[in-house]
Structures are given as structure tokens and as C-alpha cells.
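The values are calculated or read from the model by the stated rules, or taken from the named source; none is laboratory data. Because the structure is predicted, anything quoted here is derived from the model rather than measured. Quick reminder, even Gly has a Cβ in these numbers, built from the backbone with ideal geometry, and neighbours come from all protein chains shown.
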């Protein structure tokens, strides 16, 4: 369980920085729409980082904690320093990451349920609801 949680922790750290990176590189006519929305998205991820780290500790594990470890464990790729000028392009780039996170936390929940680890299962329920809503919102924006 802790190995799966450490991968999730790594993914969340990398994703947080990816969102922040995109926030810094917004330009163009959509600036006032995209810039604050990206801040909302990365602000939602940061507490999840802390939650997963603490879950690992409560499970008797050791959370990875160095940038080198985060990058080695993460499945989500880092962002680039390319400017973000299109809402549709941005949301199309973020959607697969959120879909991956939803799949990941769903699998962790299933494993936690099999181990009767109700603490992890309950937290994954919260993450599932959050990611499902974000995916729905991104899809609506892409219509």
C-alpha cells in the first residue's frame, strides 16, 4: 500500500509544479481566464500532497521526500516552459493527467478496501470525488 501511496505522492508533487509552471507561463487573450483557474487547480493539489504523506506515515511507511525521488517515482510528466495561450489546448493537456490520477486513486481505494484499510479508502473517496468533478468541468469547457 505504501508503495502505491508513494507513487501517488510523487505524482501529486510533480503535478502541482506542472500546474504552477503553466500558471506562470500564461499569456494572451485568455490570461484573465486561465491564470486564476490554474491557481485554483494547484491550490487544490497542495493539501492532497500533505494528506498522502501523512497517510503513508500513519501506515507505518516513509514518504519519499526529495525532488529526485519524486521525479523517479512519478508517472505524470513535468511541465515545460512553453507559453499557454489557449484554454482548449491547456485543458486538453491537463485532462489526461486528471484521468490518470482518478484511475490511480480508484486502484488505491480498491487495494485499501481489500486490506480493510478504511483510513486510506476514505481519503481516496475524497480524491475520487474531486478528480471526477474536475474531469467533468474540463470536459464541459472543451465542448
Exercise. Quick one: residue 39 ticks every box in (1) surrounded by fewer than 17 Cβ atoms within 10 Å (Cβ to Cβ); (2) within 22 Å of residue 56 (Cβ to Cβ) bar one, so which box is it?
Worked result: (2)
For this session: Might you let me know whether segment 127-136 holds any residue that is within 17 Å of residue 37 (Cβ to Cβ), at pLDDT below 95 and exposed (fewer than 12 other Cβ atoms within 10 Å of the Cβ)?
Result: no
Exercise. Is there a residue being surrounded by fewer than 12 Cβ atoms within 10 Å (Cβ to Cβ) and in contact (Cβ under 8 Å) with a residue 40 or more places away in the chain anywhere in segment 59-66?
Worked result: yes
For this session: For segment 78-110, name all the residues that are surrounded by fewer than 13 Cβ atoms within 10 Å (Cβ to Cβ) and touching a residue at least 24 places away in the same chain (Cβ under 8 Å).
Result: 78, 80, 81, 82, 83, 88
Exercise. Which one of the conditions (1) assigned to a helix (DSSP H, G or I); (2) over 22 Å from residue 29 (Cα atoms); (3) without any contact (Cβ under 8 Å) to a residue 40 or more places away in the chain does residue 52 fail to meet, given that it meets all the rest?
Worked result: (3)
For this session: Using the structure shown, decide if residue 113 is without any contact (Cβ under 8 Å) to a residue 40 or more places away in the chain and touching a helix residue (DSSP H, G or I) at 6+ places or on another chain (Cβ under 8 Å).
Result: yes
Exercise. When only residues in segment 23-36 that are in a helix (DSSP H, G or I) and touching a helix residue (DSSP H, G or I) at 6+ places or on another chain (Cβ under 7 Å) count, which is surrounded by the fewest Cβ atoms within 10 Å (Cβ to Cβ)?
Worked result: 33
